[in-house]
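Colleague: Below is one structure. I have some questions about it.
Taken together, the values in this text are just the output of simple stated rules run on the coordinates, not laboratory data. As the structure is a computational prediction, the values presented were derived from the model and not from experiment. Using ideal geometry, Cβ is built from the backbone for each residue, glycine included, and neighbour counts are taken over all protein chains shown.
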Amino acid sequence: MMQNLMNSVRRVENLFPGWFQDAKHDHYADYGWPKDLTFQQLYSAYHRNGLARSAVDKTILKTWESSPEIWESEKPAESDAESDIRQRFDDLNLWRALAEADRRSIVGGYAGAILRYGDNQPFSAPVQRVPGGLDGLVEVVPVWAGQMTVSLWNTDQASMDYGKPAMFTFNEAAIRSQYDTSGQPRMFDVHPDRVLIWSADGTIHARSALEPGYNDLIDAEKIKGAGGEGFWKNAKAAPVLEMDKEARLADMARSMGVSEAEIADAMNDQVGDWQRGFDRLLMLQGMTAKTLSITLPSPEHFFAAPIQSFAASMMIPQKILIGNQTGERASTEDQDDWARVNMARRSSVCLPLIRDMLRRFEAAGIIPERDWHIEWDDLTDSGPAEKMDRAVKMSGINAQSISDPLGGGRGVFTADEIRAAVDMEPLDAIEEIEE
C-alpha cells in the first residue's frame, strides 16, 4: 500500500516538475536557455547578435593585426626562397584566408582551410608530390564547420591515424544564405591531406568560443527586446475613451451614421485611422481620450550584467567589447591585457597550425625542406610615442647622473641603449654603412 502511494507521488512529481517542496528546478528551461547548442544557433548568434559579432571580429582583428613572415633562420635573410614565399602567399591572400578560418573556428568550434593543389587530382585523393613548387598551390578556401563534416573515420587500430577522420564531405549549401544566389553550390569529398582543420586544439572536437557566454547573449537580447517593446507600446498605445454621463448614445450614433450597436466598431475604426498618422482627426463625440502609459525601468543596470559575463567568457575587456561609453575609454591595463590574450592565442592556436601547414607544403613539394622560422611581431610592444617617452626618460636619467657627484660623471645608459629603445640602429652600424 505504501509503495503504491510513493509511486503515485513520484508520477505526479514527474508530471509537474519543480512545483513541490525541495524540488530541483531546471534553470535552463526556466530561463529559456537551450540545453544543447547546435552549429546553426552559434552561426545565427554571430550574424544576428551585435555582442557576439563584436567579440569574434575584434579578437580576429587583434590577433591578425599584422601578418606573420616565414624566414629561413631566426633573422631575415631576404633570400630568394623567403622572397618567393612571401610573394606567392600574398598573391593567394593566404594569410587573409587563414584569418577567416580562424574567425569561423571561434564561432563553430572548428573550421577548415581547403588546400587546393594543381596536381590534377580530385579532392578525395591523398596528396603526393605536387609539380610546380609554389605555383602548385592554387587556392586556400576557408569553410565553416557546418559545411565540413566527417564522412569516414579511420578505424584501423594499427594505423598512426587511428580515430582520426579518413574523409570529409564539403557541402557548400549547408549554410548557404538566402541572399546568396551565386551559381551552383559545390559538394565533394575531401581527403584530410587537402584540408587544414583550424581549431583551438587542431581537431574537430574543439568547442565554440561563443558557447560559455551564449546564455548571456540570450539574456541581453531579452532585456533589450523587452525595453524596445515597452517603448513601442507606450508610443503606440491606443487611447482610452471615457464617456460623459450626460452623453446620449442615440445622438452619437446618428452623428456617426451608424446604429447604436455599431458605435464601438465605428470608434475603433476612427481611433485606428487616427493612430496611423499625426495629422488625423479624432472625433470624440463628447468623450475624453486618455492614454495608459507604462513606466519603464532603466535597462542599463540589467543590461550590464550579461554584458560583463559575456565579456569575461570571451576574455575581452568590456570597454574594448562595446567601445566608448559616456566618454570612457579602455584603460592602459585593459589594452595590455587584451594584447596578452591575443599573443597567447597566437602562440597556442595560430602558430602550431601554421607550422602544420608548412610541413604539409614541404611534404607536397610546395616549399623546400628547411627549419622554417615563423616571425610575428609582438602585440605587447610599446607604441612609437611610448618608446620615445622611454628614450627621453633614459636621457634625463643620464643627465642627472652626470651632474651628480655621486654618479661619477658618467651616464647610466649608453647612446646605443637609448637608440635601441626607439628601434634605431647602433651608431657603429650606421658608420659602417656610411663608409
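Colleague: What shape does region 94-176 have by the C-alpha gyration tensor, where a ≥ b ≥ c are the square roots of the eigenvalues, rounded means a/c under 1.5, and otherwise prolate means a/b greater than b/c and oblate the rest?
Modeller: Oblate.
Colleague: Just order 61-67, 308-314 by mean Cβ neighbour count inside 10 Å, highest at the front, would you?
Modeller: Those peptides, ordered most packed to least, come out 308-314, 61-67.
Colleague: Where does the charge balance sit around Asp377 when Lys and Arg score +1, Asp and Glu -1, over other residues with C-beta under 11 Å from its C-beta?
Modeller: -4
Colleague: Amide H of Val190: which non-local residues (sequence gap of 5 or more, or other chain) have their own amide H closer than 5 Å, using H built in the peptide plane?
Modeller: Under 5 Å from the amide H of Val190: Phe168, Thr169, Phe170.
Colleague: Now, a different point. Using 0.36 nm per residue of separation minus the Cα-Cα distance, give me the extension gain between Ala173 and Glu211 in nm, one decimal.
Modeller: 11.3 nm
Colleague: Of Lys35/Lys224; Lys224/Lys319; Lys58/Lys164; Lys62/Lys222, which sit over 27 Å apart, Cα to Cα?
Modeller: Lys58/Lys164; Lys62/Lys222
Colleague: Return the long-range amide H neighbours of Tyr117 (sequence gap of 5 or more, or a different chain), with a cut-off of under 5 Å between placed amide H atoms.
Modeller: Residues meeting the amide H criterion: Val138.
Colleague: Could you run the Karplus curve 6.51 cos²θ - 1.76 cosθ + 1.60 with θ = phi - 60° over region 303-308 and give me ³J(HN,Hα) per residue in whole Hz, x for Gly and Pro?
Modeller: Once rounded to whole Hz, the list reads 6, 5, 4, x, 5, 5.
Colleague: Something else now. So how do 98-110, 388-400 stack up, highest first, on mean other-Cβ count within 10 Å?
Modeller: The densest-packed peptide leads the list: 98-110, 388-400.
Colleague: Follow-up question, since we're still on this one. Assuming a ≥ b ≥ c are the square roots of the Cα gyration tensor eigenvalues, decide whether region 65-136 counts as rounded (a/c under 1.5), prolate (otherwise, with a/b larger than b/c) or oblate.
Modeller: oblate
Colleague: Around Ile114, what is the net charge, scoring Lys/Arg as +1 and Asp/Glu as -1 over all other residues with Cβ under 13 Å from its Cβ?
Modeller: Spelling it out: positives minus negatives among the neighbours equals 0.
Colleague: Something else now. Roughly what would the spin-label model give for Arg254 and Asp201, points 7 Å off Cα along C-beta, in nm?
Modeller: 8.6 nm
Colleague: Work out from phi, with θ = phi - 60° and the Karplus expression 6.51 cos²θ - 1.76 cosθ + 1.60, the ³J(HN,Hα) of each residue of region 102-112, listed in order in whole Hz, and give x for Gly and Pro.
Modeller: With coefficients 6.51, -1.76 and 1.60, one gets 4, 4, 5, 6, 4, 6, x, x, 8, 9, x Hz.
Colleague: What full-extension length gain, to one decimal in nm, is calculated for Met315 and Val271 as 0.36 nm per residue of separation minus the Cα-Cα distance?
Modeller: Length difference between fully extended and current span is 10.6 nm.
Colleague: Let me ask something additional. Just to confirm a number: summing +1 for Lys and Arg and -1 for Asp and Glu over residues other than Pro142 whose beta-carbon lies under 10 angstrom from that of Pro142, what do you get?
Modeller: +1
Colleague: Would you mind computing, in nm to one decimal, how far apart the modelled labels at Ala226 and Glu262 are, each placed 7 Å from Cα along Cα→Cβ?
Modeller: That separation, rounded to one decimal, is 4.4 nm.
Colleague: Once R0 is set to 30 Å, what does the formula 1/(1 + (r/R0)^6) return for the Cβ-Cβ distance between Phe302 and Ala344, expressed as a FRET efficiency to the nearest 0.05?
Modeller: 0.40
Colleague: Name the residues whose placed amide hydrogens come within less than 5 Å of the amide hydrogen of Trp153, ignoring near sequence neighbours (fewer than 5 apart) on the same chain.
Modeller: For Trp153, whose amide H was placed from the backbone, the distant partners under 5 Å are Ala166.
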